[in-house]
Amino acid sequence: MAKNMILFTAIFIVLLLTPDLYIATNYIFPCGLLWLDIVWWVPTFLMLLCFVLANREIWHNTSMRLFIGLVLCVAFPKLLFTLLQFVFSPLLALIVAGVVILLFVYGFFFGWRRIIVKSATCESALLPKSFDGYRILQLSDLHIGTFRGNPGFIRKLVRLVNEQDADLIVFTGDLVNVRADEVRPFMSDLSKMKQKDGVLSIMGNHDYCEYGQDHSERYMKRNQTILHYLEGKMGWRLLDNGHVTIGRLRQEGGQNISESIAVIGVENISKPPFPDYGDLEKAIGDLPSGMFKVLLSHDPSHWRRGVLHKTDIALTLSGHTHAGQLKIGKFSPSKWAYNEWGGKYMEGNSMLYVSTGIGGTVPFRFGAWPEISVITLKCKK
(Lines give C-alpha, C1' and ligand atoms only; values in the text may rest on other atoms or scores of the structure.)
Protein backbone atom coordinates (compact mmCIF):
# COMPACT_ATOMS: atom_id res chain seq x y z
CA MET A 1 0.00 0.00 0.00
CA ALA A 2 2.83 2.39 0.95
CA LYS A 3 4.70 1.57 -2.29
CA ASN A 4 1.56 2.26 -4.34
CA MET A 5 1.13 5.61 -2.60
CA ILE A 6 4.75 6.59 -3.28
CA LEU A 7 4.37 5.61 -6.94
CA PHE A 8 1.12 7.55 -7.28
CA THR A 9 2.70 10.63 -5.66
CA ALA A 10 5.70 10.48 -7.99
CA ILE A 11 3.53 10.15 -11.12
CA PHE A 12 1.26 12.96 -9.93
CA ILE A 13 4.16 15.35 -9.33
CA VAL A 14 5.65 14.60 -12.77
CA LEU A 15 2.30 15.17 -14.52
CA LEU A 16 1.79 18.33 -12.49
CA LEU A 17 5.19 19.95 -12.97
CA THR A 18 5.99 18.98 -16.58
CA PRO A 19 3.21 21.07 -18.22
CA ASP A 20 3.89 23.89 -15.74
CA LEU A 21 7.55 24.05 -16.67
CA TYR A 22 6.88 23.73 -20.41
CA ILE A 23 4.20 26.44 -20.53
CA ALA A 24 6.17 28.74 -18.23
CA THR A 25 9.34 28.39 -20.34
CA ASN A 26 7.61 28.88 -23.69
CA TYR A 27 4.76 31.28 -22.90
CA ILE A 28 5.02 32.87 -19.45
CA PHE A 29 8.69 33.76 -18.87
CA PRO A 30 9.11 35.40 -22.33
CA CYS A 31 6.54 38.04 -21.26
CA GLY A 32 9.14 39.40 -18.84
CA LEU A 33 6.58 40.17 -16.09
CA LEU A 34 7.75 39.21 -12.60
CA TRP A 35 4.24 39.27 -11.11
CA LEU A 36 3.01 36.89 -13.82
CA ASP A 37 5.94 34.54 -13.16
CA ILE A 38 4.97 34.43 -9.47
CA VAL A 39 1.21 34.10 -10.01
CA TRP A 40 1.75 31.23 -12.45
CA TRP A 41 3.13 29.00 -9.68
CA VAL A 42 0.51 29.82 -7.02
CA PRO A 43 -2.04 27.10 -8.08
CA THR A 44 0.71 24.48 -8.21
CA PHE A 45 1.92 25.43 -4.72
CA LEU A 46 -1.65 25.29 -3.37
CA MET A 47 -2.20 21.89 -5.02
CA LEU A 48 0.87 20.39 -3.38
CA LEU A 49 -0.03 21.95 -0.03
CA CYS A 50 -3.60 20.59 -0.17
CA PHE A 51 -2.28 17.16 -1.16
CA VAL A 52 -0.08 17.06 1.94
CA LEU A 53 -2.81 18.41 4.26
CA ALA A 54 -5.40 15.92 2.98
CA ASN A 55 -3.05 12.98 3.51
CA ARG A 56 -2.33 14.18 7.04
CA GLU A 57 -6.07 14.57 7.77
CA ILE A 58 -5.64 18.31 8.39
CA TRP A 59 -8.83 20.17 7.39
CA HIS A 60 -9.51 16.99 5.41
CA ASN A 61 -12.75 17.95 3.65
CA THR A 62 -11.58 21.47 2.74
CA SER A 63 -8.10 20.45 1.63
CA MET A 64 -9.42 17.50 -0.40
CA ARG A 65 -12.00 19.67 -2.16
CA LEU A 66 -9.41 22.32 -3.01
CA PHE A 67 -6.98 19.68 -4.19
CA ILE A 68 -9.44 17.95 -6.53
CA GLY A 69 -10.82 21.28 -7.72
CA LEU A 70 -7.36 22.57 -8.63
CA VAL A 71 -6.42 19.30 -10.32
CA LEU A 72 -9.51 19.31 -12.54
CA CYS A 73 -9.79 23.04 -13.20
CA VAL A 74 -6.09 23.93 -13.42
CA ALA A 75 -3.66 20.99 -13.67
CA PHE A 76 -5.63 18.87 -16.15
CA PRO A 77 -6.33 21.79 -18.56
CA LYS A 78 -2.62 22.68 -18.48
CA LEU A 79 -1.70 19.10 -19.36
CA LEU A 80 -4.35 19.03 -22.09
CA PHE A 81 -3.11 22.31 -23.58
CA THR A 82 0.50 21.10 -23.54
CA LEU A 83 -0.39 17.93 -25.44
CA LEU A 84 -2.81 19.52 -27.92
CA GLN A 85 -0.56 22.40 -28.95
CA PHE A 86 1.85 19.87 -30.43
CA VAL A 87 -0.94 18.69 -32.75
CA PHE A 88 -3.05 21.80 -33.29
CA SER A 89 -2.44 25.54 -33.09
CA PRO A 90 -1.82 27.00 -29.60
CA LEU A 91 -5.04 29.02 -29.97
CA LEU A 92 -7.18 25.95 -30.64
CA ALA A 93 -5.47 24.08 -27.79
CA LEU A 94 -6.23 27.04 -25.50
CA ILE A 95 -9.90 27.07 -26.54
CA VAL A 96 -10.28 23.36 -25.83
CA ALA A 97 -8.60 23.75 -22.43
CA GLY A 98 -10.91 26.68 -21.67
CA VAL A 99 -14.02 24.64 -22.50
CA VAL A 100 -12.79 21.86 -20.20
CA ILE A 101 -12.32 24.38 -17.38
CA LEU A 102 -15.91 25.62 -17.84
CA LEU A 103 -17.27 22.06 -17.72
CA PHE A 104 -15.39 21.26 -14.53
CA VAL A 105 -16.39 24.54 -12.89
CA TYR A 106 -20.03 23.68 -13.65
CA GLY A 107 -19.53 20.27 -12.05
CA PHE A 108 -18.17 21.84 -8.85
CA PHE A 109 -20.76 24.56 -8.40
CA PHE A 110 -23.91 23.06 -9.92
CA GLY A 111 -23.48 19.47 -11.16
CA TRP A 112 -23.41 17.80 -7.73
CA ARG A 113 -26.79 19.37 -6.89
CA ARG A 114 -28.57 17.98 -9.98
CA ILE A 115 -30.35 14.88 -8.67
CA ILE A 116 -31.95 12.71 -11.36
CA VAL A 117 -34.34 9.76 -11.08
CA LYS A 118 -33.55 6.73 -13.24
CA SER A 119 -35.73 3.69 -13.78
CA ALA A 120 -35.09 0.09 -14.81
CA THR A 121 -37.09 -3.12 -15.04
CA CYS A 122 -36.10 -6.55 -13.79
CA GLU A 123 -38.04 -9.40 -15.39
CA SER A 124 -37.76 -12.85 -13.84
CA ALA A 125 -39.60 -16.14 -14.04
CA LEU A 126 -38.81 -16.62 -10.33
CA LEU A 127 -40.81 -13.58 -9.24
CA PRO A 128 -44.11 -14.44 -7.47
CA LYS A 129 -47.24 -12.97 -9.05
CA SER A 130 -48.06 -10.87 -5.99
CA PHE A 131 -44.79 -8.96 -6.48
CA ASP A 132 -45.45 -8.09 -10.12
CA GLY A 133 -44.92 -4.33 -10.26
CA TYR A 134 -43.05 -4.19 -6.93
CA ARG A 135 -40.79 -1.11 -6.88
CA ILE A 136 -37.38 -0.98 -5.18
CA LEU A 137 -35.74 2.41 -4.77
CA GLN A 138 -31.95 2.29 -4.59
CA LEU A 139 -29.65 4.90 -3.10
CA SER A 140 -25.90 4.51 -2.94
CA ASP A 141 -22.66 6.28 -1.98
CA LEU A 142 -24.11 9.19 -0.07
CA HIS A 143 -20.76 10.18 1.53
CA ILE A 144 -22.79 12.39 3.80
CA GLY A 145 -19.89 14.19 5.46
CA THR A 146 -19.36 16.02 2.18
CA PHE A 147 -22.71 17.81 2.62
CA ARG A 148 -22.13 19.15 6.12
CA GLY A 149 -22.40 22.71 4.84
CA ASN A 150 -25.31 21.91 2.50
CA PRO A 151 -28.15 20.38 4.57
CA GLY A 152 -30.67 21.60 1.98
CA PHE A 153 -29.30 19.07 -0.50
CA ILE A 154 -30.15 16.19 1.86
CA ARG A 155 -33.65 17.55 2.48
CA LYS A 156 -34.16 17.77 -1.29
CA LEU A 157 -32.94 14.18 -1.68
CA VAL A 158 -35.34 12.88 0.98
CA ARG A 159 -38.24 14.74 -0.61
CA LEU A 160 -37.49 13.25 -4.04
CA VAL A 161 -37.12 9.78 -2.55
CA ASN A 162 -40.52 9.96 -0.86
CA GLU A 163 -42.15 11.31 -4.02
CA GLN A 164 -41.30 8.05 -5.83
CA ASP A 165 -43.64 6.13 -3.48
CA ALA A 166 -41.61 2.92 -3.80
CA ASP A 167 -42.35 -0.28 -1.90
CA LEU A 168 -38.84 -0.67 -0.50
CA ILE A 169 -35.75 1.53 -0.13
CA VAL A 170 -32.29 -0.03 -0.22
CA PHE A 171 -29.00 1.73 0.44
CA THR A 172 -25.96 0.01 -1.09
CA GLY A 173 -23.14 1.43 1.03
CA ASP A 174 -20.76 4.32 1.70
CA LEU A 175 -22.96 6.36 3.99
CA VAL A 176 -19.95 8.24 5.43
CA ASN A 177 -16.48 9.35 4.38
CA VAL A 178 -14.17 8.74 7.34
CA ARG A 179 -16.17 8.93 10.61
CA ALA A 180 -19.49 7.61 11.87
CA ASP A 181 -20.45 10.93 13.49
CA GLU A 182 -20.79 12.52 10.04
CA VAL A 183 -24.34 11.10 10.09
CA ARG A 184 -25.51 12.87 13.26
CA PRO A 185 -26.51 16.28 11.76
CA PHE A 186 -28.65 14.54 9.14
CA MET A 187 -30.36 11.83 11.18
CA SER A 188 -33.65 13.70 11.45
CA ASP A 189 -33.90 14.16 7.68
CA LEU A 190 -32.73 10.65 6.74
CA SER A 191 -35.18 9.06 9.18
CA LYS A 192 -38.03 10.60 7.18
CA MET A 193 -37.44 8.22 4.26
CA LYS A 194 -40.42 5.97 4.93
CA GLN A 195 -41.76 3.35 2.53
CA LYS A 196 -44.08 0.36 2.86
CA ASP A 197 -41.38 -2.21 3.56
CA GLY A 198 -38.83 0.11 5.18
CA VAL A 199 -35.18 0.87 4.49
CA LEU A 200 -32.50 -1.83 4.19
CA SER A 201 -28.79 -1.02 4.01
CA ILE A 202 -25.32 -2.53 3.75
CA MET A 203 -21.76 -1.43 4.43
CA GLY A 204 -19.52 0.12 1.78
CA ASN A 205 -15.75 0.37 1.92
CA HIS A 206 -15.87 3.88 3.48
CA ASP A 207 -18.26 2.71 6.22
CA TYR A 208 -15.45 0.74 7.88
CA CYS A 209 -13.83 4.14 8.61
CA GLU A 210 -10.40 2.98 7.46
CA TYR A 211 -9.52 6.19 5.62
CA GLY A 212 -9.04 8.47 8.62
CA GLN A 213 -5.74 9.40 10.21
CA ASP A 214 -6.29 6.88 13.01
CA HIS A 215 -5.92 3.41 11.48
CA SER A 216 -6.08 1.49 14.77
CA GLU A 217 -8.46 -1.44 14.93
CA ARG A 218 -10.03 0.00 18.08
CA TYR A 219 -10.86 3.29 16.33
CA MET A 220 -12.36 1.59 13.29
CA LYS A 221 -14.42 -0.91 15.33
CA ARG A 222 -15.74 1.91 17.51
CA ASN A 223 -16.85 3.89 14.47
CA GLN A 224 -18.48 0.83 12.92
CA THR A 225 -20.40 0.15 16.14
CA ILE A 226 -21.56 3.78 16.27
CA LEU A 227 -22.62 3.68 12.60
CA HIS A 228 -24.64 0.50 13.21
CA TYR A 229 -26.36 2.21 16.13
CA LEU A 230 -27.10 5.44 14.25
CA GLU A 231 -28.56 3.62 11.25
CA GLY A 232 -30.82 1.71 13.63
CA LYS A 233 -31.94 4.97 15.25
CA MET A 234 -32.88 6.27 11.80
CA GLY A 235 -35.07 3.22 11.24
CA TRP A 236 -32.70 1.61 8.73
CA ARG A 237 -32.06 -2.12 8.97
CA LEU A 238 -28.41 -2.92 8.31
CA LEU A 239 -27.86 -6.32 6.71
CA ASP A 240 -24.42 -7.65 7.70
CA ASN A 241 -24.12 -10.94 5.82
CA GLY A 242 -27.77 -11.69 6.41
CA HIS A 243 -31.16 -11.56 4.73
CA VAL A 244 -34.80 -10.66 5.23
CA THR A 245 -37.91 -11.98 3.55
CA ILE A 246 -40.79 -9.81 2.41
CA GLY A 247 -44.20 -11.41 2.18
CA ARG A 248 -47.38 -10.75 0.25
CA LEU A 249 -50.81 -12.41 0.07
CA ARG A 250 -52.80 -12.91 -3.10
CA GLN A 251 -56.13 -14.55 -3.75
CA GLU A 252 -56.58 -17.34 -6.25
CA GLY A 253 -59.61 -19.57 -6.51
CA GLY A 254 -61.05 -18.12 -3.32
CA GLN A 255 -57.89 -18.96 -1.34
CA ASN A 256 -55.20 -16.76 0.15
CA ILE A 257 -51.77 -17.68 -1.15
CA SER A 258 -48.70 -16.50 0.76
CA GLU A 259 -45.67 -15.54 -1.36
CA SER A 260 -42.32 -13.97 -0.54
CA ILE A 261 -39.05 -12.68 -1.92
CA ALA A 262 -35.70 -12.36 -0.15
CA VAL A 263 -33.33 -9.40 0.14
CA ILE A 264 -29.76 -10.45 0.92
CA GLY A 265 -27.11 -8.06 2.17
CA VAL A 266 -23.37 -8.71 2.33
CA GLU A 267 -20.61 -6.71 3.92
CA ASN A 268 -18.16 -5.21 1.46
CA ILE A 269 -16.64 -7.73 -0.96
CA SER A 270 -13.82 -6.21 -3.01
CA LYS A 271 -10.33 -6.72 -4.27
CA PRO A 272 -7.41 -4.89 -2.57
CA PRO A 273 -6.94 -2.11 -1.65
CA PHE A 274 -10.60 -2.16 -0.58
CA PRO A 275 -11.75 -4.21 2.44
CA ASP A 276 -13.25 -7.67 2.00
CA TYR A 277 -15.48 -8.74 4.88
CA GLY A 278 -18.46 -10.20 3.06
CA ASP A 279 -19.73 -13.77 3.23
CA LEU A 280 -22.37 -14.49 0.59
CA GLU A 281 -22.90 -18.10 1.64
CA LYS A 282 -23.65 -17.01 5.21
CA ALA A 283 -25.91 -14.22 3.96
CA ILE A 284 -27.99 -16.60 1.83
CA GLY A 285 -28.30 -19.03 4.74
CA ASP A 286 -31.17 -21.47 4.37
CA LEU A 287 -33.03 -19.61 1.62
CA PRO A 288 -34.45 -22.17 -0.81
CA SER A 289 -33.27 -22.54 -4.37
CA GLY A 290 -35.69 -21.04 -6.89
CA MET A 291 -36.81 -18.23 -4.60
CA PHE A 292 -36.59 -14.71 -6.06
CA LYS A 293 -33.59 -13.10 -4.41
CA VAL A 294 -32.25 -9.54 -4.44
CA LEU A 295 -28.61 -9.08 -3.43
CA LEU A 296 -27.22 -5.83 -2.05
CA SER A 297 -23.45 -5.81 -2.64
CA HIS A 298 -21.52 -2.54 -2.66
CA ASP A 299 -18.82 -3.39 -5.22
CA PRO A 300 -20.25 -4.38 -8.65
CA SER A 301 -17.21 -6.53 -9.44
CA HIS A 302 -18.61 -9.03 -6.92
CA TRP A 303 -21.43 -9.85 -9.38
CA ARG A 304 -19.12 -11.35 -12.00
CA ARG A 305 -16.71 -12.88 -9.47
CA GLY A 306 -19.11 -14.44 -6.99
CA VAL A 307 -22.76 -14.21 -8.08
CA LEU A 308 -23.15 -14.73 -11.82
CA HIS A 309 -23.43 -18.43 -12.83
CA LYS A 310 -22.70 -19.42 -9.20
CA THR A 311 -26.04 -18.60 -7.58
CA ASP A 312 -29.68 -18.22 -8.60
CA ILE A 313 -29.79 -14.59 -7.44
CA ALA A 314 -31.97 -12.77 -9.96
CA LEU A 315 -31.11 -9.15 -9.13
CA THR A 316 -27.94 -7.59 -7.72
CA LEU A 317 -27.82 -3.93 -6.70
CA SER A 318 -24.44 -2.21 -6.34
CA GLY A 319 -22.77 1.21 -6.29
CA HIS A 320 -19.16 2.09 -5.44
CA THR A 321 -17.95 3.35 -8.85
CA HIS A 322 -19.69 6.78 -8.86
CA ALA A 323 -19.10 6.45 -12.64
CA GLY A 324 -15.96 8.39 -11.79
CA GLN A 325 -18.30 11.34 -11.06
CA LEU A 326 -17.55 12.24 -14.66
CA LYS A 327 -19.41 11.02 -17.74
CA ILE A 328 -19.38 12.50 -21.23
CA GLY A 329 -21.67 10.65 -23.60
CA LYS A 330 -21.02 6.96 -23.01
CA PHE A 331 -17.51 7.54 -21.71
CA SER A 332 -16.54 7.47 -18.04
CA PRO A 333 -13.08 6.91 -16.53
CA SER A 334 -14.71 4.12 -14.51
CA LYS A 335 -14.50 2.02 -17.69
CA TRP A 336 -10.78 1.64 -17.04
CA ALA A 337 -11.38 0.01 -13.65
CA TYR A 338 -14.74 -1.83 -13.86
CA ASN A 339 -16.48 -3.98 -16.45
CA GLU A 340 -19.83 -2.89 -15.00
CA TRP A 341 -19.75 0.67 -13.71
CA GLY A 342 -23.16 2.28 -14.23
CA GLY A 343 -26.70 1.24 -15.18
CA LYS A 344 -28.31 -2.10 -16.06
CA TYR A 345 -26.43 -5.25 -17.09
CA MET A 346 -27.96 -8.62 -18.03
CA GLU A 347 -26.41 -12.03 -18.46
CA GLY A 348 -28.56 -15.14 -18.59
CA ASN A 349 -31.25 -14.88 -15.90
CA SER A 350 -29.22 -12.53 -13.73
CA MET A 351 -29.43 -8.73 -13.68
CA LEU A 352 -27.02 -6.22 -12.15
CA TYR A 353 -27.86 -2.58 -11.61
CA VAL A 354 -25.01 -0.24 -10.68
CA SER A 355 -26.06 3.09 -9.23
CA THR A 356 -23.72 5.99 -9.98
CA GLY A 357 -24.48 7.17 -6.45
CA ILE A 358 -25.41 10.44 -4.80
CA GLY A 359 -22.24 11.99 -3.46
CA GLY A 360 -18.50 11.58 -3.19
CA THR A 361 -15.68 12.72 -0.97
CA VAL A 362 -15.62 15.84 -3.16
CA PRO A 363 -18.81 17.69 -4.27
CA PHE A 364 -18.26 17.39 -8.00
CA ARG A 365 -20.38 15.77 -10.70
CA PHE A 366 -20.52 16.20 -14.44
CA GLY A 367 -22.59 13.86 -16.60
CA ALA A 368 -22.67 11.22 -13.85
CA TRP A 369 -25.31 13.22 -11.98
CA PRO A 370 -26.48 12.22 -8.46
CA GLU A 371 -28.86 9.33 -8.96
CA ILE A 372 -32.00 7.89 -7.42
CA SER A 373 -32.71 4.51 -9.04
CA VAL A 374 -36.14 2.87 -9.14
CA ILE A 375 -36.19 -0.79 -10.21
CA THR A 376 -39.58 -2.30 -11.03
CA LEU A 377 -39.95 -6.07 -10.72
CA LYS A 378 -41.95 -7.88 -13.41
CA CYS A 379 -43.00 -11.49 -13.80
CA LYS A 380 -41.45 -12.98 -16.90
CA LYS A 381 -44.01 -14.77 -19.04
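The values are calculated or read from the model by the stated rules, or taken from the named source; none is laboratory data. Everything numeric here is computed off the predicted structure, so don't read it as measured data. For neighbour counting, all protein chains shown are included, and Cβ atoms are generated from backbone atoms with ideal geometry for every residue, glycine included. Keep in mind that these areas ignore ligands, DNA and RNA; they rest on the heavy atoms of the full protein, side chains included. Shrake-Rupley method; radii C 1.70, N 1.55, O 1.52, S 1.80 Å.
In region 127-164, the residue that is farthest from the chain's Cα centre (by Cα) out of those that are outside any helix (DSSP H, G or I), among the charged types (D, E, K, R) and at pLDDT 95 or above is Asp132.
Applying the set (1) open to solvent by less than 30 Å² (accessible area, probe 1.4 Å); (2) closer than 22 Å to Val14 by Cβ to Pro128 leaves exactly one unmet item: (2). In contact with a Cys (Cβ under 8 Å, 6 or more places away or on another chain), within 23 Å of Ser318 (Cβ to Cβ) and not hydrophobic (A, V, I, L, M, F, W, C): is that true of Glu182 in this structure? So Glu182 does not fit the description; no.
Against the condition surrounded by fewer than 15 Cβ atoms within 10 Å (Cβ to Cβ) and touching an Asp or Glu at 6+ places or on another chain (Cβ under 7 Å), how does Phe29 come out, does it pass? Even if it seems obvious, please write down each step before you answer.
On the way: surrounded by fewer than 15 Cβ atoms within 10 Å (Cβ to Cβ): yes; touching an Asp or Glu at 6+ places or on another chain (Cβ under 7 Å): yes.
For Phe29, the condition - surrounded by fewer than 15 Cβ atoms within 10 Å (Cβ to Cβ) and touching an Asp or Glu at 6+ places or on another chain (Cβ under 7 Å) - is met.
Of the residues making up region 310-332, those that are open to solvent by 40 Å² or more (accessible area, probe 1.4 Å) and either in contact with a Gly (Cβ under 7 Å, 6 or more places away or on another chain) or of a type in the set (A, V, I, L, M, F, W, C) (or both) number 4. Only a single item in (1) surrounded by fewer than 17 Cβ atoms within 10 Å (Cβ to Cβ); (2) within 24 Å of Glu210 (Cα to Cα) is not met by Gly133, and it is number (2). Looking across region 335-352, the residues that are within 16 Å of the chain's Cα centre (by Cα), open to solvent by 10 Å² or more (accessible area, probe 1.4 Å) and touching a residue at least 12 places away in the same chain (Cβ under 8 Å) come down to Ala337, Tyr338, Asn339, Glu340, Trp341, Gly342, Gly343, Lys344.
Quick check on my filter: what residues within region 260-289 are of a type in the set (A, V, I, L, M, F, W, C), closer than 19 Å to Arg304 by Cβ and touching a helix residue (DSSP H, G or I) at 6+ places or on another chain (Cβ under 8 Å)? Result: Ile264, Val266, Ile269, Phe274, Leu280.
Listed by first and then second residue, the pairs linking a residue in region 230-244 that is touching a residue at least 40 places away in the same chain (Cβ under 8 Å) and on the phi > 0 side of the Ramachandran plot to a residue that is open to solvent by 50 Å² or more (accessible area, probe 1.4 Å) and among the charged types (D, E, K, R), with Cβ atoms under 8 Å apart and 6 or more places separating them unless they lie on different chains, are Gly235/Lys194; Asn241/Asp279; Asn241/Lys282. Looking across region 282-309, just one residue is on the phi > 0 side of the Ramachandran plot and out of contact with any Gly (no Cβ under 9 Å at 6 or more places or on another chain), and that is Gly290.
For the structure I just gave you, tell me whether Arg222 is of a type in the set (D, E, K, R) and exposed (fewer than 14 other Cβ atoms within 10 Å of the Cβ).
Values: of a type in the set (D, E, K, R): yes; exposed (fewer than 14 other Cβ atoms within 10 Å of the Cβ): no.
The answer is no for Arg222.
Across region 89-122, the qualifying residues are those that are in contact (Cβ under 8 Å) with a residue 40 or more places away in the chain and among the small types (Gly, Ala, Ser), and the one among them that is surrounded by the fewest Cβ atoms within 10 Å (Cβ to Cβ) is Ser119. Within region 236-288, restricting attention to residues that are modelled with pLDDT under 95 and polar (S, T, N, Q), which residue is nearest to Ala337 (Cα to Cα)? Residue satisfying both the conditions and the ranking: Ser270. Only one of the numbered conditions (1) in a helix (DSSP H, G or I); (2) farther than 30 Å from Gly359 by Cβ is not met by Cys50, and that is (2). If you take the residues of region 50-88 that are in contact (Cβ under 8 Å) with a residue 12 or more places away in the chain and surrounded by fewer than 16 Cβ atoms within 10 Å (Cβ to Cβ), which of them is farthest from Phe147 (Cα to Cα)? Checking each candidate, the answer is Arg56.
If you go through region 231-243 one residue at a time, do you hit one that is among the hydrophobic types (A, V, I, L, M, F, W, C), part of a helix (DSSP H, G or I), farther than 23 Å from Ser270 by Cβ and over 19 Å from the mean Cα position of the chain (by Cα)?
If we filter region 231-243 for residues that are among the hydrophobic types (A, V, I, L, M, F, W, C), which is where we start, we get 234, 236, 238-239.
With the extra rule that they be part of a helix (DSSP H, G or I), the set shrinks to none.
No, region 231-243 contains no residue that is among the hydrophobic types (A, V, I, L, M, F, W, C), part of a helix (DSSP H, G or I), farther than 23 Å from Ser270 by Cβ and over 19 Å from the mean Cα position of the chain (by Cα).
The single condition from (1) of a type outside the set (Val, Ile, Thr); (2) open to solvent by 80 Å² or more (accessible area, probe 1.4 Å); (3) farther than 27 Å from Ala54 by Cα; (4) part of a loop (DSSP other than H, G, I, E, B) that His215 fails is (3).
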